[in-house]
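The next block holds one structure in the form of structure tokens; read it before the comments.
The values are calculated or read from the model by the stated rules, or taken from the named source; none is laboratory data. Computed from a predicted structure; not experimentally measured. Here Cβ is always computed from backbone atoms with ideal geometry, including for glycine, and neighbour counts include all displayed protein chains. Accessible surface areas use protein heavy atoms only, side chains included; no ligands, DNA or RNA. Shrake-Rupley method; radii C 1.70, N 1.55, O 1.52, S 1.80 Å.
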Amino acid sequence: MDFLQALLLFFLSAVPLSADNANSKARSCLDVRQFYSGKGFTLNGVPQTEISGEHLRICPQGYTCCTSAMEETLSNLSRREFEGLVREAGRSLQASLNTQYRSFDTYFTDLLNRSERSLQESFLATLGSLFSKNAPVFQDLYADLRRYYRGSAVNLEETLNDFWARLLERLFKASSLPQYTLTDDYLECVAKQTETLRPFGDVPRDLKPKVTRAFVAARSFIQGLTVSGEVVRKVSQVPLSPECTRAMMKLVYCPHCRGLASVKPCANYCRNVMKGCLANQADLDTEWQNLVDTMLQVASSFSSDPSVDVVIYSLPIRISEAILYMQENTEVFTSKVFQACGTPRMADTQSSGSEERKKRVNPASTAMEYKPSPTTGVPLEMQISDVSSKLREMQQYWVQLPAALCNSKVAAGAAGDKCWNGMTKARYLPEVMGDGLASQINNPEVEIDITKPDMTIRQQIMQLKIMTNRLRNALNGNDVDFQDASDDVSGSGSGMCTGESCARSGPRVIVPKTDSTRYYNPPENKKVKGTGTQTHPSILLPLLSLATLLLRR
């Protein structure tokens, strides 16, 4: 029995000894060294073989190939890469908004240009030099309409009233009896009779609400696209917090330090990190969706009867109708003017009246030129359909961004048990948090003070609310006095970017932290809340390759 006992003791002592020997055989750090140098960092101080990891402050403290300096360097790298990824995501959204801006702006300005061109060509043919001498009146009208559309401080009602008053002055002077001398003061008196004597019939009153509705809607829509782009630009520049820098390091580069570079992060682990680090951005969701919904309503209103294109194309024919009405009632109107303003002084010499005074505008002769042509330019229905579909695609951008950054190319399957869970290669147990700051109170990956929202993002939420109210006013045909987007409290700059300006409008991102490494068992005194429902926006598909680069092993 002494022999058997001695043999048993030998085997019992041999098992731990062989295990210790196996563990003491440190693994090579060749892969980590190659990865680290590939990121552009020097290999000075990088271990050749694994070392004890008690010095680590973010990654698990087992055997590792990372020194404290390497952990700090990779942590800063993860912050820069994540901020760059969010900026790039913002630029992608800005580019989409900019495309819609240019598309609608091109369409609308083309309507105005063709309308003005039709007026010039038709009136020159029918009125000759009478039109040429008074062309500035019409040119100024279109110029003011363009300025109003661009957001200048132009009162649309005053612009239209001024146009009819100036037109009345010119026509009265040109068509009245040549034996009278009409001074500027007298013509000013004539202009004041526009509303009371209605020399142009019902055309001004009928045209004013239609033109106002069309231009208010167009201006508010283009302003909505501008403000949206500006909000995206500013939000995409919010810097990453120290808490989130730690969480991002743990997600992205700690697997390298643990010798698990080829293991993808668990999908729900990745989502919790992203939802925590993009919590403030997700709070934009409600007002962002409200804005997009209202912009879709405004876009739909463009085709309401009478549609925007019909209103603008019909300007020349309606003006010609007004001129014709006045010409046909010149004697009656002149008599009423004499009663209101007195009889003007007789001229020293009389002329026989030029041919221009005898000319008449014939709406029927030019009406076809003012009707929208389905073969010219982009049809209104196509324009509305295209811009509406693009707006719907970006409607849930802010809450879908975390899911897009944790797509299947970056993270392992949701039910995977061979994924990086922040500590080792194993299943990730906590549930996925909800969207927004308030939902992150129990986020196991990112410590966030939900009582301290990011002020830059709060300011942009307010900008979205203001713009939505302006759009709703526009839906009711109410003129809106727009403040330039660069004058808000959050800073300056245009939301519309083109070419390299989009690529260089550098930004950052704010987020939270993890003071200590945690094992992934739900905390005993906390319930992890949230939803695992994920959606995948088509607007974010271009981000997938970027996310892959960020989390590339």
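What per residue convex hull volume, in Å³, comes out for segment 151-264 when only alpha-carbon positions are used?
Normalising the Cα hull of segment 151-264 by residue number yields 185 Å³.
Tell me the net charge near Leu111. Cut-off is 12 Å between Cβ atoms, Leu111 excluded, with +1 for each Lys or Arg and -1 for each Asp or Glu.
Net local charge, Leu111 excluded: -1.
Taking square-rooted eigenvalues a ≥ b ≥ c of the alpha carbon gyration tensor, is segment 108-184 rounded, prolate or oblate, where a/c under 1.5 means rounded and, failing that, a/b exceeding b/c means prolate?
Details: a/c = 3.77, a/b = 1.51, b/c = 2.50.
Oblate shape, in that a/c is at least 1.5 and b/c is the bigger or equal ratio.
Under 13 Å from the Cβ of Leu168, count the other residues' Cβ atoms, weight Lys and Arg +1, Asp and Glu -1, and hand me the total.
Values: positive: Arg166, Arg170, Lys173, Lys192, Arg198, Lys336; negative: Asp162, Glu169, Glu188, Glu195.
Here the count lands on +2.
Under a 1.4 Å probe, what is the accessible area of segment 283-339 per residue, stated in Å²?
With the other protein chains kept in place, segment 283-339 gives 38 Å² per residue.
Would you kindly find the accessible area of Leu187, with a 1.4 Å probe and non-protein molecules such as ligands, DNA and RNA excluded, rounding to the nearest 10 Å²?
Rounded to the nearest 10, that gives 10 Å².
Considering the Cα positions of segment 412-464, please state its Rg to one decimal place and its Dmax as a whole number of Å.
Here Rg and the maximum Cα pair distance are 15.5, 45 Å.
Heavy-atom accessible area of Thr424 with all protein chains present, probe 1.4 Å, nearest 10 Å²?
60 Å²
For segment 29-70, take every pair of Cα atoms, bin their distances at 5 Å starting from 0, and report each bin as a whole percent.
It works out to 6, 26, 33, 23, 12, 0, in whole percents.
With the Cα gyration tensor of segment 226-311 giving a ≥ b ≥ c as the square roots of its eigenvalues, does the rule (a/c under 1.5 for rounded; else a/b larger than b/c for prolate; else oblate) give rounded, prolate or oblate?
prolate
Which net charge results when you count Lys and Arg as +1 and Asp and Glu as -1 among the other residues whose beta-carbon is under 15 Å from that of Lys208?
-4
For a quick check of understanding: with a 1.4 angstrom probe and all protein chains in place, what accessible area in square angstrom does Arg150 have, to the nearest ten?
Accessible area, nearest 10 Å²: 130 Å².
Filter Lys264/Lys452; Lys210/Lys465; Lys250/Lys409; Lys39/Lys418; Lys210/Lys336 down to the pairs with a C-alpha to C-alpha distance above 21 Å, please.
Lys264/Lys452; Lys210/Lys465; Lys39/Lys418; Lys210/Lys336
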